[in-house]
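Here's the structure we're looking at; comments come further down.
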Amino acid sequence: MSLEVKMKTISPKQVLSVTRHVEVGGLDRAIEENLNDMYKMAKDQNAETSGPPFGIFHGAINENEDGPIEICLPVRGHVTGTEKITIKQLFGGNAACVTMVGEQCEFPFILKAYDAAAAWIKENGHHTSGPPREIWHSGPGPDAKMEIVWFYR
């Protein structure tokens, strides 16, 4: 199956961020719990969300490895971090992007999108720049929509 890879320029983003190690079986629950805390924090501090939440995979999460994953929520406005949730500015740049929908978003099928983005980067004479991001345009389920974003230089 051939997946479409699109090139995009991604802007830098201010995000609320939580980094944690998690096994693949607990990934959806960890994402949901941390995002709930981040949305509450943003609301409590009158910050505006400025895009869909996403995860940065600093390591593999599968049957044998537990990441870590950095769960992020883009926000605008002044926010103060907590012991658990930090505020940071993430870099932007050129990225290879693959959109997946429905069952394509399920593990292990989603890994094909990572492979497609990495292959496009290599085949076009570029190098990956930083870990990939998984943008969650919706929650999990039959109507799921995710985008794999891998920066390159």
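What whole-number value in Å² describes the accessible area per residue of the chain for a 1.4 Å probe?
About 56 Å² of surface per residue is accessible.
Pairing the Cα long axis of helix 111-123 with the longest principal axis of the chain, what angle in degrees results, from 0 to 90 and rounded to the nearest 10?
60 degrees
Determine which lysines satisfy two conditions relative to Lys43: a Cα distance under 24 Å, and not lying fewer than 8 residues away in the same chain.
Lys13, Lys84, Lys88
Starting from the Cα of Arg76, step 7 Å along the direction of its Cβ; do the same at Val101; then give the gap between the two resulting points in nm.
2.8 nm
Normalising by the residue count of the chain, find the relative contact order in percent from Cα pairs under 8 Å and 6+ residues apart.
Relative contact order here is 29 percent.
How about Lys40: which aspartates and glutamates have a C-alpha closer than 13 Å to its C-alpha, ignoring those fewer than 8 places off in the same chain?
Answer for Lys40, where 13 Å is the Cα cut-off: Glu32, Glu48, listed by chain and number.
Please give the charge dipole size of the chain, origin at the Cα centre, charges +1 on K and R Cβ atoms and -1 on D and E Cβ atoms. Round to the nearest 20 debye.
That gives the chain a dipole magnitude of about 720 debye.
Is it possible to state the helix-based mean residue ellipticity at 222 nm for the chain, with each DSSP H run of 4+ residues giving -39500 (n - 2.57), the sum divided by total residues, to the nearest 500 deg cm²/dmol? What is it?
-6500 deg cm²/dmol
Nothing charged except the Cβ atoms of Lys and Arg (+1) and of Asp and Glu (-1): what's the magnitude of the dipole of region 34-99 about its Cα centre? Round to the nearest 20 debye.
Using only the charged Cβ atoms, the result is roughly 360 debye.
Report in % the part of the accessible area of the chain that belongs to carbon and sulfur, leaving out ligands and nucleic acids; probe 1.4 Å.
49 percent
The values are calculated or read from the model by the stated rules, or taken from the named source; none is laboratory data. These numbers come from a predicted model, not from an experiment. In this analysis, Cβ positions are derived from the backbone assuming ideal geometry, glycine residues included, and neighbour counts consider all displayed protein chains. Heavy atoms of the whole protein, side chains included, go into the accessibility calculation; ligands, DNA and RNA do not. Shrake-Rupley method; radii C 1.70, N 1.55, O 1.52, S 1.80 Å.
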